[in-house]
1. Checking the conditions here, which among 66, 55 is under 18 Å from residue 7 (Cα atoms), of a type outside the set (Val, Ile, Thr) and at pLDDT 90 or above?
2. What are the residues in the range 1-30 that are within 17 Å of residue 63 (Cα to Cα) and assigned to a strand (DSSP E or B), if any?
3. Out of all the residues in the range 43-80, which are in contact with a helix residue (DSSP H, G or I) (Cβ under 8 Å, 6 or more places away or on another chain) and of a type in the set (A, V, I, L, M, F, W, C)?
4. Is it the case that residue 56 is outside any loop (DSSP other than H, G, I, E, B) and either aromatic (Phe, Trp, Tyr) or over 21 Å from residue 8 (Cα atoms) (or both)?
5. For the range 23-35: of the residues being under 22 Å from residue 71 (Cα atoms) and at pLDDT below 85, which is farthest from the chain's Cα centre (by Cα)?
6. Can you pull out every residue in the range 59-99 that is farther than 20 Å from residue 11 by Cβ and basic (Lys, Arg)?
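The values are calculated or read from the model by the stated rules, or taken from the named source; none is laboratory data. Bear in mind that the values here come from a model prediction, so they are computed numbers and not experimental data. Cβ placement follows ideal geometry from the backbone for every residue including glycine, while neighbour counts extend to all protein chains displayed.
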Amino acid sequence: MRIKLHFPAESIAKITAMGLRQASPETLRLVTDHPASRYGIGVILRGKSGQQLSGRQFAPLVRTFGAWIECDSEQTAQRVRKAMAIPWTDMDDFIRVAT
């Protein structure tokens with residue numbers, strides 16, 4: 001299962017100008033045994049930090065920086081959508097399957 005958070009190059013430049021660091025792509029992990037996971041659906045954790053990424057946190061990244069998530073299969077994409085409650089955030093088009 002491969003899940004990556006992507007940002008366009010111009011957004012990385014904006015983020016850097018703000019004095020922050022952001023890798024693109026950033027590896028994400030779907031963890032089902034996390035305490036925040038409900039009913040075994042899982043949560044998405046960011047890179048090495050282990051910070052949780054929810055749909056509510058992902059939506060501003062899409063709107064402000066043009067971020068998207070790329071998955072290795074449609075099955076993985078569906079699991080990510082469920083874990084992030086994507087249908088309720090209107091961000092479904094920003095969870096993509098790698099071609």
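1. Numbers: 55 fails: at pLDDT 90 or above.
66 is the lone residue from the list that is under 18 Å from residue 7 (Cα atoms), of a type outside the set (Val, Ile, Thr) and at pLDDT 90 or above.
2. Listed by number, the residues that qualify are 5, 6.
3. 43, 44, 58, 62, 65, 67, 68, 69, 71, 80
4. Criteria not met by residue 56.
5. Only one residue fits best here, namely 33.
6. 79, 81, 82
Per-residue answers, yes or no, for (1) under 14 Å from residue 94 (Cβ atoms); (2) in a helix (DSSP H, G or I); (3) at pLDDT 90 or above:
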{"position": "37", "(1), (2), (3)": "no, no, no"}
{"position": "40", "(1), (2), (3)": "no, no, no"}
{"position": "70", "(1), (2), (3)": "yes, no, yes"}
{"position": "77", "(1), (2), (3)": "yes, yes, yes"}
